[in-house]
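Heads up: the structure comes next, in structure tokens.
The values are calculated or read from the model by the stated rules, or taken from the named source; none is laboratory data. What you see is a predicted model; the values in this text were computed from it and never measured. With ideal geometry, Cβ positions are generated from the backbone for all residues, glycine too; neighbour counts draw on all protein chains shown.
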Amino acid sequence: MKTIAFVCVGNSFKSIVAERLAKELTNDFIFVSGGTNPASKINEDGEKIMEKRGMSMKGYKPHSLDDLPEKIDYLVQMGCGITCPMIKAKNVINFNMDKYPSETLIEKEIIVNILEDKIKELCNICYGYEVFEIV
């Protein structure tokens, strides 16, 4: 089974929400997330947005990159200006999420929608379907 890791700085919003969304979409892959500098808790707005979608974040908490499994097939960077040279992965994809503002609840809802679309495209890639670009 392929392992997909979503990474960012704090692992409190984008990467951990991506992990949760992905787990809702399919059980065919192992999804994990981590941050270079993990926050102490999940972003409250992100938690509210996911609850509104019927997806509880109960049991989820920010993790360090050190907590990620040794074998990663797809390392998905959220953007956020991070690089992960210490993590070996067969494939590295950058979702470039840093170009989207995330100050307000509405902006964060837009980000969650964008993440969901990108994750669907990523899953298609992992299933072996041809996808031209994750934008």
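Give the residue that is modelled with the highest pLDDT, with candidates limited to residues of segment 41-78 that are among the polar types (S, T, N, Q) and within 14 Å of Cys8 (Cα to Cα). Per the stated criteria, the residue is Asn43. When the residues of segment 79-95 are narrowed to those that are surrounded by 15 or more Cβ atoms within 10 Å (Cβ to Cβ) and within 15 Å of Gly35 (Cβ to Cβ), which ends up modelled with the lowest pLDDT? Restricting to residues being surrounded by 15 or more Cβ atoms within 10 Å (Cβ to Cβ) and within 15 Å of Gly35 (Cβ to Cβ), the top hit is Cys84. Scanning segment 96-112 for residues that are at pLDDT below 95 and assigned to a loop (DSSP other than H, G, I, E, B), we see that the one that is farthest from Ile4 (Cα to Cα) is Glu103. The criterion of being touching a residue at least 60 places away in the same chain (Cβ under 8 Å), on the phi < 0 side of the Ramachandran plot and part of a strand (DSSP E or B) does not hold for Leu115. Remark: Phe31 matches the filter, which requires a residue to be under 16 Å from Glu116 (Cα atoms), aromatic (Phe, Trp, Tyr) and in contact with a strand residue (DSSP E or B) (Cβ under 8 Å, 6 or more places away or on another chain).
Of all residues in segment 4-40, none satisfies the criterion of being at pLDDT below 95, among the hydroxyl-bearing types (Ser, Thr, Tyr) and either crowded, with 21+ Cβ neighbours inside 10 Å or not in a loop (DSSP other than H, G, I, E, B) (or both).
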